[in-house]
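Where a number appears in this text, it was derived from the coordinates with a stated rule and is not lab data. The structure displayed is predicted, hence computed values, not measured ones.
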Amino acid sequence: YRVSDRGSNDEKRTTLSIQALRPIAFVNKDGSIDLDAVRSIIDNEKGTLIGWYSFRGNSPLRPSMKEVFIHTKLKSELFKAEDDLTPIFMMLTSSTAVNFSTHSFDCRIVRSCNGPSENLFRPLELQIKNLSHSTGAEYDTFSA
């Protein structure tokens with residue numbers, strides 16, 4: 001996002017390095033959110049909660065109504081309104097070719113807007129670094 005000061009074009013950039021994802025079930029069968037489970041994980045971990053993710057196979061990378069509800073609830077309950085950092089939401093999906101010769105994994109990271117349009121999401125730039133060494137430079141780092 002951009003922050004300007006009287007005509008200045010200074011850009012403020014936040015970089016997040018996601019080293020691991022921790023799967024936890026925090027949505028109950030009735031659709032309610034178990035905030036105590038989320039808070040206990042936050043209290044026991046040394047890191048900081050920056051957002052959440054959802055994995056849906058063969059699905060478009062756009063938030064469902066349920067995911068918008070979950071995100072809004074987490075944002076209002078676990079993130080302070082005065083903080084500059086709003087939680088991120090990462091959507092993950094996979095698909096295969098008809099003959100299963102190609103498997104594809106895709107992801108998209110979004111952040112909710114503040115203010116009257118807080119249920120709208122804006123995409124964030126994502127750079128993925130592969131863990132293994134490769135002879136092909138195209139597999140080192142790429143943007144999604």
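Figures for the structure shown
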item	result
Under-5 Å amide H pairs with G51, H placed in peptide plane, nonlocal only	I88
From phi via Karplus (6.51, -1.76, 1.60), per-residue ³J(HN,Hα) for the range 33-44 in Hz, x at Gly/Pro	9, 8, 5, 5, 5, 5, 4, 5, 5, 4, 5, 8
